[in-house]
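The values are calculated or read from the model by the stated rules, or taken from the named source; none is laboratory data. What you see is a predicted model, and the numbers here were worked out from it, not measured in a lab. Quick reminder, even Gly has a Cβ in these numbers, built from the backbone with ideal geometry, and neighbours come from all protein chains shown. When the accessible area is computed, the model is the full protein with side chains, heavy atoms only, and any ligands, DNA or RNA have been set aside. Shrake-Rupley method; radii C 1.70, N 1.55, O 1.52, S 1.80 Å.
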Amino acid sequence: MKKLAAQPLYKQVIREVMTAVEAGEWQEDESLPSEIELGVRFGVSQGTVRKALDSLVAEGVLYRRQGVGTFVAGMNDFLARGHFLPLAGADGVAPKIELLGCVRIHAGEQLADILGLRRGAALWQVRRLLRVSGVVIGLEEMLLPEAGFPNLDIRRIRELKGNLRELCWRDFGVRLRDGEVRYRAVAAGQNEARLLMVDLNEPLLQLVRLARDFEGKPQVWSVAWLKTETLAFEPAPFA
């Protein structure tokens, strides 16, 4: 590894590991070499390697199995991997995904600002419903720039069950890191009320996420609305 004086060594190791992952040197759920072996490879101490791997684990690129090693994480679908549980405590149920469509829209001022685009820039709007036992319990809307993801194919999205994180990586070479999830209570608007089959202004749980690539560039803006009057949403723990 060519060392750069202006950048901390652990960040240089992060860059090298990410380059190897993106090149397919280590596949999904494949273990990395030991910290000692990586230290030899990159010409740094084991402690520096551990700090770099800790950062990549926190970002969701890697995960650890106690006593086994460090592995490449998959492109997990946040909502699809979560569970909906009865309020009275029972085993949770993963939702079924129903893709509604993928259309081209234009970014308003707020979306353009969030995604770092000019106002009016073309976006892909992907919508999907979440069902539990056949009942609609959630709606998700995902927006991503057309310029970065040209010729998005709804058949391919359906093939991947609406998992845009996996699609961005497999088809466009853009690996997304986990963004912070923000929760808030909102009132159902006309669109949410119609698709979720609830009354206008009925309380819903809203989940907002912004996924960035590993250079920090915003890529996918996601907003979900969940019905939680009888079921609670529980995110899946990371592997």
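Of note:
- Rounded to 0.05, the FRET efficiency of the Thr230 and Glu180 pair, given R0 = 25 Å and the Cβ-Cβ distance, is 0.35.
- Probe 1.4 Å, accessible area per residue of the chain, Å²: 53
- Mean Cα-pair separation over length for the chain, i.e. relative contact order, pairs under 8 Å, 6 or more apart, %: 17
- Estimated from helices alone, the mean residue ellipticity of the chain at 222 nm is -8000 deg cm²/dmol (sum of -39500 (n - 2.57) over DSSP H runs with n ≥ 4, per residue).
- FRET E, pair Glu215, Leu87, Förster distance 45 Å, beta-carbon r, rounded to 0.05: 0.60
- To put it simply, the accessible area of the chain at a 1.4 Å probe is 50 percent carbon and sulfur.
- Rel. contact order, % - alpha carbon contacts under 8 angstrom, at least six apart, segment 4-72: 37
- Farthest towards the positive end of the charge dipole of segment 4-72, among the residues Gly47, Gln12, Pro33, is the Cα of Gly47, using unit charges on the Cβ of Lys, Arg, Asp and Glu.
- Under DSSP loop assignment and at most 16 Cβ neighbours within 10 Å, longest trypsin sites (Lys or Arg not before Pro)-free interval of the chain: 4-117
- Net length gained if the chain between Asn191 and Phe172 were fully extended (0.36 nm per residue, minus Cα distance): 3.8 nm
- Reported to the nearest whole Å, the Cα centre-to-centre distance from segment 98-120 to segment 171-220 is 13.
- Translational diffusion of the chain, estimated by Stokes-Einstein from the Kirkwood radius over alpha carbon pairs at 20 °C in a medium of 1.002 mPa s, is 109 µm² per second.
- Between the C-alpha center of segment 33-49 and that of segment 50-75 there is a gap of 15 Å.
- With eigenvalues of the C-alpha gyration tensor scaled by 5 and rooted, segment 33-142, Å: 37, 26, 11
- Coarse-grained scattering of segment 4-72 at q = 0.14, 0.15, 0.25 Å⁻¹, given as base-10 log I(q)/I(0) from a Debye sum over alpha-carbon atoms: -0.37, -0.42, -1.22
- Positive end of the dipole of segment 138-205 (Cβ unit charges, origin at the Cα centre): among Ile154, Gly189, Trp169, the Cα lying farthest that way belongs to Trp169.
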